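Student: Here it is, the structure in full.
Read the figures in this text as sums done on the coordinates, not as results from a lab. Just so you know, these numbers come straight off a predicted model, no measurement behind them. All Cβ positions, even for glycine, are placed from backbone atoms using ideal geometry, and neighbour counts span all protein chains on display.
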Amino acid sequence: MSTKIKTAEELFGSTKRINATGGHKVNSLDLAKPLEWEQGFMRLFCEGCGNLVEINQRFAEVIFHSLDRKMPDNPREFYFQSKRCGYCDGQDNTIKLFAIPKVNA
Ligand SMILES: [Zn+2]
């Protein structure tokens with residue numbers, strides 16, 4: 001299974017929406033994997049539909065700005081969690097920042 005990789009435009013500009021059932025949980029092992037996209041900067045997990053995508057630095061900056069937070073020195077140790085994304089029909093625009101749980105190999 002390949003990681004879905006989309007730009008911010010594609011993320012929020014998509015027209016085909018899947019049902020945002022909510023309550024999805026992110027897999028810590030997936031969060032711990034190295035980013036695959038050459039422009040990948042951080043990950044965004046959608047609790048609404050369960051999609052985990054990589055976002056570029058520009059999009060990450062936009063989210064930090066919207067959260068009124070400064071980007072941490074180690075942004076790759078964090079991920080965003082939303083309740084909707086460009087793939088689903090969720091209505092809640094809440095986005096939160098979480099630390100990626102440490103995975104013991
Ligand atoms: Zn979604």
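Student: Go through segment 90-102 and report how many residues are surrounded by 13 or more Cβ atoms within 10 Å (Cβ to Cβ), touching a residue at least 60 places away in the same chain (Cβ under 8 Å) and either within 15 Å of the ligand (Cβ to nearest atom) or not hydrophobic (A, V, I, L, M, F, W, C) (or both).
Tutor: Here the count works out to 1.
Student: What are the pairs, 6+ residues apart or on separate chains, where a residue within segment 17-28 that is free of Cβ contacts under 8 Å to residues at least 60 places away in the same chain and near the ligand (Cβ under 10 Å from one of its atoms) has its Cβ under 9 Å from a residue that is of a type outside the set (Gly, Ala, Ser) and not in a loop (DSSP other than H, G, I, E, B)?
Tutor: Partner pairs satisfying both residue conditions: 21/88; 24/45; 24/46.
Student: Go through segment 54-84 residue by residue and tally those that are within 16 Å of the ligand (Cβ to nearest atom), closer than 10 Å to residue 97 by Cα and assigned to a strand (DSSP E or B).
Tutor: Residues meeting the conditions: 4.
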